[in-house]
Amino acid sequence: MPRLPAFEFPDFRRFVTARFLTLASQQMLLVAVSQAVFELTHSPLHLGYIGLALFFPKIGFSLLAGHTADRFDRRGVILVCRLAQLLAVVGLIISFSAAPQNLTILYSLLVLLGTANAFDGPASQSIVTQLVPPEKFGKAVAWNSSVMQMAFITGPALGGWFYALSGRVVFVLAIVALLRLGSVWFVARIHPRTDH
């Protein structure tokens, strides 16, 4: 019997890889954007605005996001969300490359990112049932949770390290964009079962 039974299934492997890339890059983005905004404004209050821009959409769209995950093709919802996240990151790169930086545009892009995250979460949580057979579901959920924790640990460390290495938020965001592109690619290759 294989030691990692849930990973026998290619769609589950693609899913957890995409999820890791998304969550780790989100943590990298938070570290880099927070540092850059603080260097720009020297105001802890503006760091709070970053959190609010990302958090309020989750509250505002929580019911609709759950309903969307239940009513529509989950892979399609995740794919649209990952593309929106990628576009938001590209927008952040452009925003931080401009001089002077426009904080209104920056926070608007973070709201877009938070909105995409709000819809991504429920669809990503519920698609696991379509990627593995019922007898492997418990193991798949455990691995999904472990991958999330690994992303939450490694993402900030990588974000801080890349920022320290380059001293530029755009460098970190470019890496984030590549990771998000990888996530889109993996999600696009998932073919969930529909016989549940």
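The values are calculated or read from the model by the stated rules, or taken from the named source; none is laboratory data. These numbers were taken from a predicted model, which means no experiment stands behind them. Ideal geometry is used to build each Cβ from the backbone, glycine not excepted, and the neighbour counts take in all protein chains shown. For the accessible areas, the whole protein counts, side chains as well, though only heavy atoms, and no ligand, DNA or RNA atoms are used. Shrake-Rupley method; radii C 1.70, N 1.55, O 1.52, S 1.80 Å.
The table for this structure:
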quantity	calculated
Residue selected from the stretch 164-192 under the condition over 26 Å from residue 99 (Cβ atoms) and small (Gly, Ala, Ser), by the criterion farthest from the chain's Cα centre (by Cα)	188
Pair list, Cβ < 6 Å and 6+ apart or interchain, from the stretch 171-193 residues that are modelled with pLDDT under 95 to residues that are of a type in the set (A, V, I, L, M, F, W, C) and surrounded by fewer than 20 Cβ atoms within 10 Å (Cβ to Cβ)	none
So residue 24, is it out of contact with any Gly (no Cβ under 6 Å at 6 or more places or on another chain), part of a helix (DSSP H, G or I) and open to solvent by less than 50 Å² (accessible area, probe 1.4 Å)	no
Residue satisfying all of: in the stretch 168-196; among the small types (Gly, Ala, Ser) and under 18 Å from residue 76 (Cβ atoms); surrounded by the fewest Cβ atoms within 10 Å (Cβ to Cβ) among these	188
Residue in the stretch 123-133 that is surrounded by the fewest Cβ atoms within 10 Å (Cβ to Cβ), counting only those that are in a helix (DSSP H, G or I) and in contact (Cβ under 8 Å) with a residue 60 or more places away in the chain	129
Qualifying position, being within 18 Å of residue 155 (Cβ to Cβ) and open to solvent by 60 Å² or more (accessible area, probe 1.4 Å), among 54, 47	47
Any pair with Cβ under 9 angstrom, 6 or more apart, that starts in the stretch 140-151 at a residue that is open to solvent by 60 Å² or more (accessible area, probe 1.4 Å) and ends at one that is among the aliphatic types (A, V, I, L, M) and part of a helix (DSSP H, G or I)	141/6; 141/128; 143/6; 143/16; 150/23; 150/24
Hey, residue 154 surrounded by fewer than 21 Cβ atoms within 10 Å (Cβ to Cβ), of a type outside the set (A, V, I, L, M, F, W, C) and out of contact with any Ser or Thr (no Cβ under 8 Å at 6 or more places or on another chain) or not	yes
Of all residues in the stretch 99-109 being among the hydrophobic types (A, V, I, L, M, F, W, C) and more than 11 Å from residue 84 (Cα to Cα), the one that is least open to solvent (accessible area, probe 1.4 Å)	106
Odd one out for residue 137 among (1) among the aromatic types (Phe, Trp, Tyr); (2) more than 18 Å from residue 180 (Cβ to Cβ); (3) within 19 Å of the chain's Cα centre (by Cα)	(3)
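Per-residue answers, yes or no, for (1) in contact with a helix residue (DSSP H, G or I) (Cβ under 9 Å, 6 or more places away or on another chain); (2) over 16 Å from residue 30 (Cβ atoms); (3) at pLDDT 90 or above:
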| residue | (1), (2), (3) |
| --- | --- |
| 93 | yes, no, yes |
| 98 | yes, yes, no |
| 103 | yes, yes, yes |
| 108 | yes, yes, yes |
| 131 | yes, yes, no |
| 150 | yes, yes, yes |
